[in-house]
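Notes for the one structure printed next.
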Amino acid sequence: MNTVIEVKDLVKEYGKSRAVDRISFDVKSGEIFTLVGPNGAGKTTTVEILECLRKPTSGRVTILGYEIAKDEAKIKKRIGVVPQEFNAFERLTVLENVKLIADIYGRKGELKSYLELLDLWDVRNKKFKILSGGMKRRVGICMAAVSEPEILFLDEPTTGLDPEARRETWGVIKKLKETGKTVFLTTHYMEEAEKLSDRVAVIVKGKIVAMGAVKEMIEKHGGGYRVFTKVGGKEVEAIFKKYTDSIIKVDGGLCGKFLGKRDAAKVALDLYSRDIEAEIVEPGMEEVFLSLVGRKINERGEFE
Amino acid sequence: MRNVWIVFKTLVKDWLRSPTGVFFSFLFPVLLLLIFGTLFGGTENTRYALYIQNLDVDESGNQTNLSTAFIEAIKSTECFDIKPLDKDVNISAFVKNQQTIETLRFLVIPDGFEEKAINKTVVVRMGIIVDTLVYVINNYSQYMNASDIANITMGKEMLSAYLNQTNATSPEVLLIADEHAQSTQIIKGIIYSVSNGFNNQLTGASDIVIPKSEDLQQRRWRAADYYLPGYIAAFIMTNGIIGMTTTVTEYKRNGIVKRLSATPLSKRDWILGCILQQTFLGFALTLLMIGFSWAIFGVRAIPDLYAVSLIFIGCVLFSSIGMTLGGFVKDIEAANGIGNAIGFPLMFLSGAFWPVEVMPSYMQTIAKGSPVYYFHQGLREIMIYSEPANATISFVVLTVLAVIFTLLAIKITRWKDL
Ligand SMILES: Nc1ncnc2c1ncn2[C@@H]1O[C@H](COP(=O)(O)OP(=O)(O)OP(=O)(O)O)[C@@H](O)[C@H]1O
Ligand SMILES: [Mg+2]
């Protein structure tokens, strides 16, 4: 697969403060690449540099082989963008807003397929203002997709949405990937990064602290599987000890850590056979982030 | 250029669907126009109140013929609402009982008006005869025989002798009015010309200089006509400076500018589209104001091609100033603040609502330096005085400024790092 985005030693300073601190990464054609990190980590700054909306302080960025400093116009023709806190013309309808972007790109022809892809066909004649938050984001994505871009940049496309709307948006993003587009995503939701991405880069305070395929990251930094019990006691502890030494007390029960899925499953079965309830918790990006950064991020994207 | 058109269409649509936008851009100015028009234009049919006290009565208490005729002559001007005042009324005492003096005016016809007027007329006529005789003797004596010349000379001597010993004085009609009131000058003028006409009638002189009058409707402009160009200029200015600034700041704040800047749309096309949209609004506003003025105040000023061109240039200028200001400010409040801070003083200083000449001189200096002044002066020259040539400076000033500010707006607006 060929590389469509190349970033090398990218730095962005606002006055004296460094928002992006020498980051480097590549994005391959057709993948979903996610920049995940807390508020103020430098996600928007990074995407907007890639979108030619901000000037980097230093570093080299090429998009589809074009350098951002030289070929802005060519790049803009071939990418689609949903800015963070995206807005369209409030008093125009969904269709009018989508058509506006199509017109600017000089795209002729029907828009129905795009609107249908994003489940917007039925609300096409509604004013943007009265749409729900989830629909608004989908309009944003539709406006970005209507120009048939090769790369889609989605800056926190699900922030502020309720879980259902968030899942709907995920569905849409997956569909876009299926049509062959490269998606560059930012989010502070670990679940989102995990469910959607092929590869993620964890960014904190302007620095990329880890990067790789989701699976590998979890294997490497997820800290293994955990098995929780509600009750403690010698008997339970003895069963855990057969497979692991890493045992801690949690809320009157116990928690054992296991490197492999197998061991975790064996312990759980063992416990069940003795009528002791057990729960296996698979590691995910949440755990990866915790083990890398040492802190968790809450629903709003702040450090807990 | 295609993109300018796309931006234009979008903005017009967005604007048309915004009730507050429509209200402030259209209804508000039209309401103001109605209010101002009524205030300034309403003096059209006013007559000046005038008390006339005729002291010239005969023994049986009847007013003399000549004084009555004089009053009739004043009445015939149709400028006055005449109220007779009894000859026994003491004017000073009468005035003391009145609330305001600005509209109090008295014309006193003195006792002996008729007699003095007749005597004076005789004297004047004799004077004319003497002058005529002198003229004849001086210029035509070579055609006459000696006895005729002697007779004429003798007649002239007799008349001169008579004139020398009579001292007929002119009757004086007295106007008592508030010297500070503006209307007093006008009234003096009217009474003066009535007196002149009356004098001519008495001496039998026929009119030498004849004032010819045309149809009032065509030549004389009503107050609303005079002010219309000012209103147009002022509201195009406020719409541009205040409206444009807040509109673009709003688009910037809610992320639309960023969304568009991420497309191949160029900054230049965006700005030209915005200016074009505002220009369109300005035109629509102008049409509306003219329509209202026409329907309600009977205004007759119809913009011709020159006026339309100047209005177009004005719209472009003030929208580009608004775009430039919008390039500086970040939030709506600041946009409103800066728009109002510049727009309103300009509006009142511009002379759009009252003649610049009534303002203190330092304010006149400021006013005459403002583009709004050039705008409405130019419009007035074209629409009211039909002298487009006199609007050349306006055309030049506005065009140059429009180009400068459009370039400035393109330079200052940020399309990156918003
Ligand atoms: N235009 C700007 N001027 C000055 N500082 C800025 C500007 N934009 C961002 N910053 C700062 O740079 C840092 C990174 O901001 P950025 O918006 O890129 O973070 P983010 O990861 O997108 O955060 P969020 O999740 O809140 O969107 C922050 O500390 C922010 O305050
Ligand atoms: Mg952000």
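The values are calculated or read from the model by the stated rules, or taken from the named source; none is laboratory data. Since this is a predicted model, take the numbers as computed values, not measurements. Please note: Cβ atoms are built from the backbone with ideal geometry, for glycine as well, and neighbour counts cover all protein chains shown.
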Being at negative phi and at pLDDT 85 or above narrows B:Gly337, B:Gly343 down to just B:Gly337
Counting only residues in the stretch A:120-144 that are away from chain B (no Cβ under 12 Å) and in contact with a Lys or Arg (Cβ under 7 Å, 6 or more places away or on another chain), the one surrounded by the most Cβ atoms within 10 Å (Cβ to Cβ) is identified as A:Leu120
Pairing a residue in the stretch A:285-301 that is on the phi > 0 side of the Ramachandran plot with any residue that is buried (at least 17 other Cβ atoms within 10 Å of the Cβ), where Cβ atoms lie under 6 Å and the two sit 6 or more apart in sequence or on different chains, gives A:Gly301/A:Pro38; A:Gly301/A:His188
Of all strands (runs of 3 or more DSSP E) fully inside the stretch A:1-111, the set with 2 or more residues that are farther than 29 Å from B:Asp14 by Cα is A:3-14, A:17-28, A:32-36, A:58-63
Flag for A:Ile208 being closer than 30 Å to A:Asp21 by Cβ, touching a Pro at 6+ places or on another chain (Cβ under 7 Å) and buried (at least 19 other Cβ atoms within 10 Å of the Cβ)
no
Scanning the stretch B:137-161 for residues that are under 30 Å from B:Lys116 (Cα atoms) and either touching a helix residue (DSSP H, G or I) at 6+ places or on another chain (Cβ under 7 Å) or surrounded by 14 or more Cβ atoms within 10 Å (Cβ to Cβ) (or both) gives B:Ile152, B:Thr153, B:Gly155, B:Lys156, B:Leu159, B:Ser160
Note on the stretch B:104-116: residues at pLDDT 85 or above and crowded, with 18+ Cβ neighbours inside 10 Å are B:Arg105, B:Phe106, B:Leu107, B:Val108, B:Ile109, B:Phe113, B:Glu114, B:Lys116
The residue that is nearest to ligand 2 (Cβ to nearest atom), considering only those in the stretch A:163-198 that are within 24 Å of A:Val288 (Cα to Cα) and either in a loop (DSSP other than H, G, I, E, B) or within 14 Å of chain B (Cβ to nearest Cβ) (or both), is A:His188
When A:Glu156 is run through (1) surrounded by 23 or more Cβ atoms within 10 Å (Cβ to Cβ); (2) within 13 Å of ligand 1 (Cβ to nearest atom); (3) over 9 Å from the mean Cα position of the chain (by Cα), the failure sits at (3)
Taking the stretch B:280-305 and keeping residues within 17 Å of B:Leu31 (Cα to Cα) and either surrounded by fewer than 21 Cβ atoms within 10 Å (Cβ to Cβ) or β-branched (Val, Ile, Thr) (or both) leaves B:Ala284, B:Thr286, B:Leu287, B:Leu288, B:Ile290, B:Gly291, B:Phe292, B:Trp294, B:Ala295, B:Ile296, B:Gly298, B:Val299
Over the stretch B:330-344, the set of residues of a type outside the set (Gly, Ala, Ser) and farther than 11 Å from B:Thr238 by Cβ is B:Lys330, B:Asp331, B:Ile332, B:Glu333, B:Asn336, B:Ile338
Of the residues in the stretch B:232-288 that are small (Gly, Ala, Ser) and assigned to a helix (DSSP H, G or I), the one that is farthest from the other protein chains (Cβ to nearest Cβ) is B:Ala233
The one condition A:Asp26 fails out of (1) more than 11 Å from chain B (Cβ to nearest Cβ); (2) touching a residue at least 24 places away in the same chain (Cβ under 8 Å); (3) under 23 Å from the mean Cα position of the chain (by Cα) is (2)
One residue is enough: does the stretch A:87-94 have a residue meeting the conditions over 24 Å from A:Phe184 (Cβ atoms), more than 8 Å from chain B (Cβ to nearest Cβ) and either free of Cβ contacts under 8 Å to residues at least 12 places away in the same chain or polar (S, T, N, Q) (or both)? yes
Inset, instruction - Inspect the stretch B:349-359 for any residue being outside any helix (DSSP H, G or I), of a type in the set (A, V, I, L, M, F, W, C), surrounded by fewer than 24 Cβ atoms within 10 Å (Cβ to Cβ) and in contact with a helix residue (DSSP H, G or I) (Cβ under 7 Å, 6 or more places away or on another chain) and give the result as yes or no. - result: yes
Checked the stretch A:4-18 for anything within 20 Å of the chain's Cα centre (by Cα) and at pLDDT below 95; matches are none
Of the residues in the stretch A:69-78, those that are touching a residue at least 24 places away in the same chain (Cβ under 8 Å) and at the interface with chain B (Cβ under 8 Å from one of its Cβ atoms) come to A:Lys76, A:Lys77
Next on the checklist: Regarding the stretch A:60-74, can at least one residue be identified that is within 16 Å of ligand 1 (Cβ to nearest atom) and either buried (at least 19 other Cβ atoms within 10 Å of the Cβ) or at pLDDT 95 or above (or both)?
Outcome noted: yes
Of (1) outside any helix (DSSP H, G or I); (2) surrounded by 15 or more Cβ atoms within 10 Å (Cβ to Cβ); (3) in contact with a Gly (Cβ under 9 Å, 6 or more places away or on another chain), A:Val231 fails just (2)
